[in-house]
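Here is the structure we will look at, set down as structure tokens.
The values are calculated or read from the model by the stated rules, or taken from the named source; none is laboratory data. These numbers come from a predicted model, not from an experiment. Virtual Cβ from ideal backbone geometry, glycine too; neighbours counted across all protein chains shown.
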Amino acid sequence: MRRHMLRTLPAFLAGMLWVAAAGAQSFPDRPIRLIVPFPPGGPVDAGARIIANALPAQLGQPVIVENRSGAGGSVGVAEAARATPDGYTLVFSSTGSLAVNVSLIPNISYDTRRDFAPVSVVVAIPMLMVARAGLPVQSIQDVVALARQRPNVLTYATTGPGGPPHLLGETMRQRSNVHMTMVAYRGAGPTITAILSGEVDVTFLDPAVLMPHVREGRMRALAVSSRDRNPSMPGVPSLVEAGLDGAEFDNWYALLAPTGTPPERVRRLHTALAGALAQPETLRIFTDQGARVLILDPERSANYIREEVERWGEVVRATGIRPE
């Protein structure tokens with residue numbers, strides 16, 4: 001019996017390797033569900049739909065976007081964390097729900113570092129600071145001067161406590177030693193409406209959703225939240241240029257699978273994503289929005305996300321931000 005096992009073991013192992021390879025080659029053989037933890041029409045949803053439109057040519061299967069919004073993105077991310085880890089349910093989200101909420105929300109049901117196998121950190125996008133058209137400012141220095149003249153009178157809009165606009169607003173407030181009043185809205189759409197109507201004075205959002213209004217003269221672009229100027233907005237200074245060194249901030253987007261997803265499927269998804277983003281038209285769409293395309297491999301993505309969770313945990317603790 002022992003001799004028989006030794007004789008047949010190599011063939012058995014070879015068979016197992018063939019089955020695993022065949023499984024990897026046949027994946028996916030049905031549509032993939034892509035959870036977006038924010039409402040339709042916002043910047044994260046827009047980024048997810050770019051990916052969903054580009055991936056089928058690489059995977060041979062459709063990618064179906066499902067919006068599962070609530071609690072600053074944590075509802076949809078938690079649902080993805082509980083999904084069967086087979087590569088057929090993914091989540092596409094951003095800094096706030098993936099890195100900030102882990103420290104911001106008490107007793108949150110997921111930990112991004114523990115509960116997900118990153119496919120890739122996809123892009124990093126600086127935030128754009130804009131002012132309502134009627135505010136008498138031409139630069140971020142003007143905003144700081146006006147805020148010092150009128151403490152807590154100037155308002156800045158956010159997409160909710162702990163989101164990227166709130167974090168950037170608080171960081172700017174601390175760096176410039178000014179006091180502005182935060183007004184929270186439910187998502188990018190209502191925030192933009194508030195700026196356009198003059199209900200609030202300034203905000204910070206992804207350039208893609210603000211630049212059309214800037215070009216029409218309905219808002220005024222003041223700064224991008226990066227160390228250097230963004231090539232897609234060469235006339236807009238950076239926060240560092242404006243004297244707010246240390247306030248730079250990138251809102252990054254990542255594609256994740258639940259922990260336990262077979263590594264060969266994660267790698268297959270990463271390869272497909274890299275292929276999709278290598279297509280000139282897909283790449284152009286992101287770069288026109290001011291994004292830096294990263295496409296970090298799964299291992300580097302895991303390290304990047306771990307560092308971001310720790311970084312923004314420190315910011316949450318230092319600023320005392322709390323969810324409402």
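Counting just the residues of the range 260-283 that are assigned to a helix (DSSP H, G or I) and β-branched (Val, Ile, Thr), which one comes out farthest from Phe116 (Cα to Cα)?
So, considering only residues that are assigned to a helix (DSSP H, G or I) and β-branched (Val, Ile, Thr), the one farthest from Phe116 (Cα to Cα) is Thr282.
Every residue in the range 104-123 that is crowded, with 20+ Cβ neighbours inside 10 Å and either farther than 12 Å from Ile305 by Cβ or of a type in the set (A, V, I, L, M, F, W, C) (or both), please.
Across the range 104-123, the qualifying residues are Leu104, Tyr110, Phe116, Ala117, Val119, Val121, Val122, Val123.
Can you say whether Thr181 is assigned by TED's automatic domain parsing to the domain that holds Leu205 and closer than 28 Å to Thr287 by Cα, as far as the supplied structure shows?
no
Do we find that Ser120 is touching a residue at least 12 places away in the same chain (Cβ under 8 Å), small (Gly, Ala, Ser) and touching an Asp or Glu at 6+ places or on another chain (Cβ under 6 Å) in this structure?
Criteria not met by Ser120.
Go through (1) touching a Lys or Arg at 6+ places or on another chain (Cβ under 7 Å); (2) loosely packed, with under 15 Cβ neighbours inside 10 Å one by one and return the number of the condition Pro280 breaks.
With (1) touching a Lys or Arg at 6+ places or on another chain (Cβ under 7 Å); (2) loosely packed, with under 15 Cβ neighbours inside 10 Å applied to Pro280, the lone miss is (1).
Which residue out of Phe92, Phe116 is in contact with a Gly (Cβ under 8 Å, 6 or more places away or on another chain), of a type in the set (Phe, Trp, Tyr) and not assigned by TED's automatic domain parsing to the domain that holds Met172?
Checking each option against the conditions leaves just Phe92.
Count, please, the residues in the range 48-67 that happen to be farther than 15 Å from Glu281 by Cβ and buried (at least 16 other Cβ atoms within 10 Å of the Cβ).
6
Residue by residue, here is whether (1) in contact with a Phe, Trp or Tyr (Cβ under 9 Å, 6 or more places away or on another chain); (2) modelled with pLDDT of 95 or more; (3) surrounded by fewer than 17 Cβ atoms within 10 Å (Cβ to Cβ); (4) outside the structural domain of Val65 (by TED's automatic domain parsing) holds:
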residue	(1), (2), (3), (4)
Gly243	no, no, yes, yes
Ala254	yes, yes, no, no
Arg267	no, yes, yes, no
His270	no, yes, no, no
Phe286	no, no, no, no
Asn303	no, yes, yes, no
Val315	no, no, no, no
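Based on this model, can you work out whether Val102 counts as touching a residue at least 60 places away in the same chain (Cβ under 8 Å) and touching a strand residue (DSSP E or B) at 6+ places or on another chain (Cβ under 8 Å)?
no
So, in the range 142-154, how many residues would count as being touching a helix residue (DSSP H, G or I) at 6+ places or on another chain (Cβ under 9 Å) and not basic (Lys, Arg)?
Matching residues across the range 142-154 total 5.
Looking only at the range 209-241, how many residues end up being of a type in the set (Lys, Arg) and at pLDDT below 90?
2
For Glu307, only one of the following conditions fails: (1) assigned by TED's automatic domain parsing to the domain that holds Asp115; (2) in contact (Cβ under 8 Å) with a residue 40 or more places away in the chain; (3) surrounded by fewer than 18 Cβ atoms within 10 Å (Cβ to Cβ). What is its number?
Just one mismatch for Glu307, condition (2).
Give me the residue from the range 46-99 that is among the charged types (D, E, K, R) and touching a residue at least 40 places away in the same chain (Cβ under 8 Å) and, out of that set, nearest to Gly162 (Cα to Cα).
The selected residue is Glu79.
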